[in-house]
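**Q** Take a look at the following structure, please.
The values are calculated or read from the model by the stated rules, or taken from the named source; none is laboratory data. In this text, all values refer to a predicted model and were calculated from it rather than measured experimentally. FYI the Cβ positions are ideal-geometry reconstructions off the backbone, even for glycines, and counts take in every protein chain you see.
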Amino acid sequence: MDDTKKILIPAAVALLALIVYASTFTVQQWETAIKLRLGEIVRSGYEPGLHVKVPLLNNIMHFDARIQTLDSRPQRFLTIEKKDVIVDSYTKWRIDNAAQFFRSTGGNSGRAERLLSERVNTALRDEFGKRTIQEVVSEDRIELMKALTKETDTQAAELGVEVLDVRVKKIDLPPEVSESVYNRMRAERERVARDLRAKGAEAAERIRADADRQRTVIIADAYREAEETRGQGDGKAAEIYANAYQKNPSFYAFYRSLDAYRRTFAQKDSTLVLAPDSEFFRFFNSQDPGTSASLTDSASLPGMASQP
């Protein structure tokens, strides 16, 4: 009898532990769960902790309630300008209603992501169809993502999930569109370059014209000052000549003639043809004793010693 108790008591304890284990389940902090009775949902929205179920009759489905990322493949969409753009986006979502999530997807996360991706693509197509390329790549892009998040969250409610954020990572143009855009950009840059060159040429011509004008003015001023100085010198020389002439006109005329002789006979390899009675030789032909003596004395002047 004692041996039987020893066997039954551990067996009863083990059975009781098994029943307790089968009658309870745990929901973790990062989970949500639903209770099924013969495949029908009887309760959802369990708080984290230990909960009770009926063994064999109830079945518990656990779902990850943390924020998840849906990284979609790049898709091609049309803008309001009927131009294609290739959009790469991702979506942040989490299970909000576990019961609705189970009814819509059967608790399959892969199917949930596929259905959510379809709704995100629909929202992207609608929003891009309302905007131009300039708008989707400018500051309006923030408003675009807000509108996408709101619209996608509304459509995803039937899946039992909450869309927290929809972000556009990159917007590319198809190769055929990119080439035309690059050509337009290249043409625009060339136009700007031509404008800059034209403005530079205009500025260069203006600077060159101003420099030429200043050069002409400087030369004219210098020529004027030179002429004024030359005129002043000629006037001073004439004044000196006039004063010398007034003191002794005969000697002045004789001295000027000597100067003319010196300059004329000093030239080499030259021939001068004059009449003997020319005014140039008036002092040679003069019979005035004072003049002849003066002319004789002039033979000692430089340039006159070699005269015939």
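**Q** Being touching a helix residue (DSSP H, G or I) at 6+ places or on another chain (Cβ under 9 Å), under 22 Å from ARG66 (Cβ atoms) and outside any helix (DSSP H, G or I) is the filter here; which residues of the range 137-171 pass it?
**A** The answer is GLY160, VAL161, GLU162, VAL163, LEU164, ASP165, VAL166, ARG167.
**Q** Still on this structure, I have one more. Scan the range 235-248 and tell me whether some residue there is within 60 Å of the chain's Cα centre (by Cα), assigned to a helix (DSSP H, G or I), surrounded by 10 or more Cβ atoms within 10 Å (Cβ to Cβ) and among the small types (Gly, Ala, Ser).
**A** Checked the range 235-248: no residue is within 60 Å of the chain's Cα centre (by Cα), assigned to a helix (DSSP H, G or I), surrounded by 10 or more Cβ atoms within 10 Å (Cβ to Cβ) and among the small types (Gly, Ala, Ser).
**Q** Looking at SER180, SER109, SER117 in this structure, which one is outside the structural domain of TYR90 (by TED's automatic domain parsing) and at negative phi?
**A** Numbers: SER109 fails: outside the structural domain of TYR90 (by TED's automatic domain parsing); SER117 fails: outside the structural domain of TYR90 (by TED's automatic domain parsing).
Within the list SER180, SER109, SER117, the selection yields SER180.
**Q** From the set of residues in the range 18-39 that are hydrophobic (A, V, I, L, M, F, W, C) and more than 13 Å from ASN59 (Cα to Cα), which is modelled with the lowest pLDDT? Steps first, please.
**A** Looking only at the range 18-39, we keep the residues that are hydrophobic (A, V, I, L, M, F, W, C), and these are 18-20, 22, 25, 27, 30, 33-34, 36, 38.
After this cut, where a residue has to be more than 13 Å from ASN59 (Cα to Cα) as well, the list is 18-20, 27, 30.
Values: LEU18: 79, ILE19: 78, VAL20: 74, VAL27: 87, TRP30: 89.
Only one residue fits best here, namely VAL20.
**Q** Separate question: Scanning for something of a type in the set (D, E, K, R), touching a residue at least 12 places away in the same chain (Cβ under 8 Å) and either in a helix (DSSP H, G or I) or surrounded by fewer than 10 Cβ atoms within 10 Å (Cβ to Cβ) (or both), does the range 172-194 turn up at least one residue?
**A** Within the range 172-194, not a single residue is of a type in the set (D, E, K, R), touching a residue at least 12 places away in the same chain (Cβ under 8 Å) and either in a helix (DSSP H, G or I) or surrounded by fewer than 10 Cβ atoms within 10 Å (Cβ to Cβ) (or both).
**Q** Here's a follow-up. For a quick check of your reading of the model, give me the residue pairs whose first member lies in the range 118-139 and is over 29 Å from THR105 (Cα atoms), whose second is of a type in the set (Ser, Thr, Tyr), with beta-carbon atoms closer than 8 Å and at least 6 apart or on different chains.
**A** Matching pairs, first to second residue: GLY129/THR79; ARG131/THR79; THR132/THR79; ILE133/THR79; VAL136/THR79.
**Q** Separate question: Give me a count of the residues in the range 102-142 that are farther than 18 Å from THR152 by Cα, buried (at least 16 other Cβ atoms within 10 Å of the Cβ) and within 35 Å of the chain's Cα centre (by Cα).
**A** 2
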